[in-house]
Amino acid sequence: MNLRHLEHLLALADTGSFSRAADQQHLTQSALSRSIQTLEDDLGARLIDRTGKRNELTPLGQAVAVRARRMVFEAAELRRSAELLKQGDLGAIRIGLGSGPGAMLMTPFLIHMAQHHPGVQVSVSPGATELQLIQLRQRTLDALVIDVRRISPAADLAIENLTEMRAGFVCRSGHPLLQAGGPVSFDDMLRYPLASSPLSTEVAHMLVNLFGPQADPQQAVSLRCDDITCLIDAVKVSDAIYLGVIAAARVGIETGQLVELVTAPALTSGARFAFITLAGRTEAPSMGLFRQFVAERLHD
């Protein structure tokens, strides 16, 4: 069985006639008949009821035709994509961004592509890492940029470490904790809502080891969201304190809306971001544009 056999079956299903299907496929009628017979022999059952001049699909033939139509379509799309790439088409970009990379890269990357590569189709999906891994494995996403500590190594994943970025605590300017003018303790911060994206088990252990059991994110974090931009917006207009990558709050800090808190002890660990793809999968040429953009933008 091969795609040509399936194409011949579909031609017969569409025309209802061996002669018309043979003409459509540029075959002799006997060659088309042999092709259909080969397919029936492979499947071990009749696909066509030949009643006089009428040729109708059997129930099995109808089921085979439905699946064959999808297979033939996908094969045609593959050939088309290959031709487009050979002609210079860059292909589409379908990427998933973790909470930190999403806050720092998503809007600037969309602007960059609209301004400099308007012909490339771009799809950017922020969200939960667990869902993004499913989408990557289902091939609805081509690559992820996430904190590598949020995933477990697997044989089907290619993991390329990118950079480690400093993390810390950020509050609005004018926050009550700034009035003392010195370092603040974790207990001091617990008097206010703590806002963070979901944290890995490794990061949770690090916080507990540094600040004590009261720093366990499961109890300490009261505002939790995968969208860091939303968390930072909430911090700007409340007494909530942001815990996460400092670079995600860079604009607010530079404009004086936000201030990085000095803590005792100091938080020295950061986020370790990685580029995740399916092992062995060929990348579209357009992925090079995204890789370059990430290399230029994802840093403290």
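Between (1) 1.49; (2) 0.97; (3) 1.11, which entry matches Cα Rg over 2.2 N^0.38 Å as derived from the coordinates of this structure?
Derived directly from the coordinates: (1).
With just the Cα atoms defining each centre, how far is region 126-175 from region 1-50? Give it in Å.
Using only Cα atoms, the two centres lie 49 Å from each other.
Classify region 198-282 from the C-alpha gyration tensor, please: rounded if a/c falls under 1.5, else prolate or oblate depending on whether a/b exceeds b/c.
oblate
For region 1-42, just say rounded, prolate or oblate: build the C-alpha gyration tensor, square-root its eigenvalues into a ≥ b ≥ c, call rounded for a/c under 1.5, and beyond that prolate if a/b exceeds b/c, oblate if not.
It is prolate, given that a/c is not under 1.5 and a/b is the larger ratio.
Using the alpha-carbon atoms, what tilt in degrees (0 to 90, nearest 10) does helix 3-15 show relative to the longest principal axis of the chain?
70
On a 0 to 90° scale, report how tilted helix 59-86 is relative to the longest principal axis of the chain, with both axes built from alpha carbons and the result rounded to the nearest 10.
Helix 59-86 sits roughly 60 degrees off the main axis of the chain.
Taking every DSSP beta bridge with both residues inside the chain, roughly what % is antiparallel (nearest 5)?
65
Can you tell me the 0 to 90 degree angle between the C-alpha axis of helix 29-43 and the longest principal axis of the chain, rounded to 10?
The helix 29-43 is inclined about 50 degrees to the chain.
Once you charge only the Cβ atoms, +1 for Lys and Arg and -1 for Asp and Glu, what is the size of the charge dipole of region 34-180 about its Cα centre, to the nearest 20 debye?
Numbers: 18 positive and 15 negative charges, 76 e Å.
Dipole size: approximately 360 debye.
None of the figures in this text is laboratory data; all of them are computed from the coordinates on show. Keep in mind that this is a model prediction, so the values were computed, not measured. A quick note on method: Cβ atoms are made from the backbone with ideal geometry, for glycine too, and the neighbour counts reach across all protein chains shown.
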